[in-house]
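The values are calculated or read from the model by the stated rules, or taken from the named source; none is laboratory data. Predicted, not measured: the structure shown is a model, and the values here were computed from it. In this analysis, Cβ positions are derived from the backbone assuming ideal geometry, glycine residues included, and neighbour counts consider all displayed protein chains.
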Amino acid sequence: MDANMDPLVLLRNEHEEIRTFLNKFEEYLKKISSNIPDEEKNNLISGLKELALYFDKDLEQHLKREEGALFPVLGNYIGIETGPINVMIIEHNHCRDLSGGFKTKINNFYADNDYKGLANAGISLSRLLSEHEDKEDHILFNMAEMHLSKNEKKDIAEKILTINI
C-alpha cells in the first residue's frame, strides 16, 4: 500500500482477508466438535493453535490501524465518546477478550479435553468479528466516505503505513 491509496479500500480489503480466515477457522471449529477420531482432533488442535496466532498479529494490526488512523479523524465529524466509533472500540476490546479466552481454551485443551468449550469460544469470537465487520463495512465506512476529504484520507493512509506489529 502507498500513501495515495484510499485507506477505506485498504481496510475493506483487510476485512475480506479476515472473512477468508474466519471461514477456515469455522471449518476447524465444526470439525473439532464433531465425532472424529482423537488423532484427527489433535491435528485440528494444532491447526487451531496456528490459526490463533492470526488473532495476535494480523487481526490486532487491523484493529490498531482503525483505532489509530481512521477513528481519530472520523471522530472529528461523528464523535468518539458515543455513537458508532465508541461501539466499534467496545467491540474491538470484546474481540480481544474473546481471542484471549479462545487461546486459553487451546492452551488448556490437553488438560481438560473440552472440545465443546473450545468450539463455543471460537464460534463466539467468529460471530462477533463477522457482525462487527459488517457494521464497519456498511455503516462506519459509509460515514467516512461522506465526511472525509481527499487530504484526510491521504493522512489516514500515511498513518496506517506506520502501524505495524
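Here are the numbers for the structure shown:
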| quantity | calculated |
| --- | --- |
| Positions within region 107-142 being more than 20 Å from the chain's Cα centre (by Cα) and in a helix (DSSP H, G or I), in sequence order | 107, 109, 110, 111, 112, 115, 116, 117 |
| Residue match in region 8-20 (condition: among the charged types (D, E, K, R), assigned to a loop (DSSP other than H, G, I, E, B) and either in contact (Cβ under 8 Å) with a residue 12 or more places away in the chain or farther than 30 Å from residue 143 by Cα (or both)) | no |
| Subset of region 82-121 (residues that are in contact with a Ser or Thr (Cβ under 8 Å, 6 or more places away or on another chain) and charged (D, E, K, R)) | 116 |
| Cross-chain or 6+ apart pairs with Cβ under 8 Å, region 63-84 first and over 20 Å from residue 95 (Cβ atoms), then of a type outside the set (Phe, Trp, Tyr) and surrounded by fewer than 14 Cβ atoms within 10 Å (Cβ to Cβ) | 77/147; 78/147 |
| Answer residue from region 78-113, given it is more than 22 Å from residue 136 (Cα to Cα) and β-branched (Val, Ile, Thr) and is surrounded by the most Cβ atoms within 10 Å (Cβ to Cβ) among those | 106 |
| Any hit, region 86-96, residues being of a type in the set (Asp, Glu), in contact with a helix residue (DSSP H, G or I) (Cβ under 6 Å, 6 or more places away or on another chain) and either modelled with pLDDT of 95 or more or assigned to a helix (DSSP H, G or I) (or both) | yes |
